[in-house]
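**Q** A single structure is presented below for examination.
The values are calculated or read from the model by the stated rules, or taken from the named source; none is laboratory data. These numbers come from a predicted model, not from an experiment. Here the Cβ is made from the backbone with ideal geometry for all residues, glycine too, and neighbour counts use every protein chain on show. These area figures cover heavy atoms from the full protein model, side chains too; ligands, DNA and RNA do not enter into them. Shrake-Rupley method; radii C 1.70, N 1.55, O 1.52, S 1.80 Å.
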Amino acid sequence: MKSNLSTEEEIKLKELKLQLMHALNPNEHHTILKNIEQLLNKAKYRNRFISTLKDNESL
């Protein structure tokens, strides 16, 4: 599967996964999961936008 993440986002995702493994309490765990979700959603929406631009170029 092709990654939609930029290099910086991939680095940030690795850091967040590491933090998640070392989370001490449920609140910290939840916050890190929300940050991961936001990062992935941002990449997904950017990819959709770029895809739409490419589709419109070909018209």
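**Q** What pairs come out if I take residues in segment 43-59 that are closer than 17 Å to E10 by Cβ and pair them with residues that are surrounded by 11 or more Cβ atoms within 10 Å (Cβ to Cβ) whose C-beta lies under 6 Å away, six or more apart or interchain?
**A** Cβ pairs passing all conditions: A43/N4; A43/L5; A43/E9; N47/N4.
**Q** Within segment 34-59, count every residue that is open to solvent by 80 Å² or more (accessible area, probe 1.4 Å), among the polar types (S, T, N, Q) and part of a helix (DSSP H, G or I).
**A** 2
**Q** Take segment 2-33 and flag every residue that is charged (D, E, K, R), exposed (fewer than 15 other Cβ atoms within 10 Å of the Cβ) and under 21 Å from R48 (Cβ atoms).
**A** K2, E8, E10
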